[in-house]
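The values are calculated or read from the model by the stated rules, or taken from the named source; none is laboratory data. Since the structure is predicted, the reported quantities are computational estimates derived from the model, not experimental observations. Neighbour counts run over all protein chains shown; Cβ positions are idealised from the backbone, glycine included. Side chains are part of the model used for accessible areas, which takes the heavy atoms of the whole protein and leaves out ligands, DNA and RNA. Shrake-Rupley method; radii C 1.70, N 1.55, O 1.52, S 1.80 Å.
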Amino acid sequence: MDIGAPGDRETIRATGTRGGYSLTLSDLTLRTADLRTRCAAAATAGFTGIGLSVEHYRAALEDRLSPAAISGVVAEHGLEVNEVELAAHWGDPAAYSEDELDSDRTVVRMAAELGAGRIHTTMSQHFPLDTLARGLRELCRRAADAGAVVALEYMPYAAIDSATRAWQVIEASGADNAGLLIDAWHWQRAHTADEPESALRAIPAARVAAIQLCDTLPEPLPDLRREALHCRQLPGHGAAALIPMLRRLARHGVRAPIAVEVVSDELDAQDPYLTAQQAYASSRTVLHDSGRPSGEPGFRDAHW
């Protein structure tokens with residue numbers, strides 16, 4: 001499977017969006033909203049797609065919405081489900097409970113049922129490289145059957161804690177529908193920009209499956225995981241070097257779809273329509289200031 005295919009589908013409607021950018025509103029930006037509110041807020045703000053977590057999918061089922069009805073609600077608002085998450089229990093099946101394994105199976109089923117082109121994944125537990133490679137390969141096999149790519153996200157507090165480590169696992173898996181998920185918060189807090197130039201350049205641009213925008217506090221909290229889950233800032237409203245990140249990725253030829261994931265207790269407390277509007281407007285400004293052309297997925301060049 002071509003890693004770029006789902007991203008191509010996401011950008012096809014770009015010229016019809018406000019400001020010309022085709023953006024996905026990731027699930028955790030509106031983590032307290034129900035499905036209908038999430039879709040209405042995203043569409044009103046100008047997003048063309050949403051992300052959906054297994055928790056919110058199950059909540060919709062509990063509200064007596066079938067998978068077809070969920071897709072119907074999304075379509076009514078002129079949106080698509082572009083990403084589903086989070087598959088996080090694939091390192092070694094023997095290490096997980098049946099509920100954890102079922103959660104990952106549900107995420108893959110969501111991709112098939114809702115037409116999502118991208119499954120987000122990460123890994124918190126430490127396993128040998130060959131175990132990780134084997135587990136990721138099996139997840140990717142199931143994802144391919146669902147018509148999706150797998151986007152592996154590194155996190156500075158997780159077992160896969162850097163872009164180069166994530167690429168090492170992806171490459172070892174041999175799965176051609178596995179790609180790298182670059183989250184701006186993790187890029188900043190994991191000091192991705194300081195990784196060896198040669199190592200970053202070894203990651204093919206076409207294997208970057210998606211980019212998630214957000215921003216950071218001026219100084220990291222002692223507990224990085226807490227900061228990531230409660231204190232992110234709107235793009236351009238924090239201290240992360242977002243524009244240098246976007247320009248560096250563009251020079252490398254990355255043409256990945258863009259999502260906005262601002263996980264924030266402060267935003268949770270306000271009207272979800274306002275949060276969605278702020279998330280779209282701030283992201284549009286950052287993308288414009290980085291030089292990313294509206295209506296197009298990105299640039300191509302030779303070097304990081």
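Numbers below:
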item	result
Residue under evaluation Gly236, criteria (1) assigned to a loop (DSSP other than H, G, I, E, B); (2) under 22 Å from Glu83 (Cα atoms), criterion not met	(2)
Any hit, the stretch 206-217, residues being among the polar types (S, T, N, Q) and under 17 Å from the mean Cα position of the chain (by Cα)	yes
Some residue of the stretch 194-211 being under 30 Å from Ala43 (Cβ atoms) and not hydrophobic (A, V, I, L, M, F, W, C)	no
Residues (touching a residue at least 24 places away in the same chain (Cβ under 8 Å), small (Gly, Ala, Ser) and more than 21 Å from Val81 (Cβ to Cβ)) located in the stretch 241-278	Ala241, Ala250, Gly253, Ser264
Meets criteria (modelled with pLDDT of 95 or more, open to solvent by less than 10 Å² (accessible area, probe 1.4 Å), among the acidic types (Asp, Glu) and in contact with a helix residue (DSSP H, G or I) (Cβ under 7 Å, 6 or more places away or on another chain)) for Asp27	yes
Residues that are closer than 11 Å to Ala111 by Cβ and part of a helix (DSSP H, G or I), drawn from the stretch 140-161	Arg142, Ala143, Ala144, Asp145
Among (1) more than 16 Å from the chain's Cα centre (by Cα); (2) closer than 30 Å to Thr275 by Cβ; (3) of a type outside the set (Val, Ile, Thr), the one test that Leu234 misses	(1)
Hits in the stretch 255-278 - residues which are open to solvent by less than 70 Å² (accessible area, probe 1.4 Å), part of a helix (DSSP H, G or I) and among the polar types (S, T, N, Q)	Thr275, Gln278
Test: Glu195 is in contact with a Pro (Cβ under 8 Å, 6 or more places away or on another chain), of a type outside the set (Lys, Arg) and either over 22 Å from Gly91 (Cα atoms) or open to solvent by 30 Å² or more (accessible area, probe 1.4 Å) (or both)	no
Residue tally, condition charged (D, E, K, R), touching a helix residue (DSSP H, G or I) at 6+ places or on another chain (Cβ under 7 Å) and open to solvent by 50 Å² or more (accessible area, probe 1.4 Å), over the stretch 225-254	1
Close pairs (6 angstrom Cβ cut-off, 6 or more residues apart or separate chains): without any contact (Cβ under 8 Å) to a residue 60 or more places away in the chain and part of a helix (DSSP H, G or I) in the stretch 186-203, open to solvent by less than 80 Å² (accessible area, probe 1.4 Å) and among the β-branched types (Val, Ile, Thr) anywhere	Gln188/Thr216; Ala199/Thr164
Single residue of the stretch 135-181 satisfying the filter (among the small types (Gly, Ala, Ser) and in contact with a Lys or Arg (Cβ under 7 Å, 6 or more places away or on another chain)) that is surrounded by the most Cβ atoms within 10 Å (Cβ to Cβ)	Ala151
Scan of the stretch 61-95 for residues that are of a type in the set (Gly, Ala, Ser) and crowded, with 17+ Cβ neighbours inside 10 Å, ordered by number	Ala87, Ala88, Gly91
Tally, over the stretch 121-178, of residues that are basic (Lys, Arg) and either touching a helix residue (DSSP H, G or I) at 6+ places or on another chain (Cβ under 8 Å) or at positive phi (or both)	3
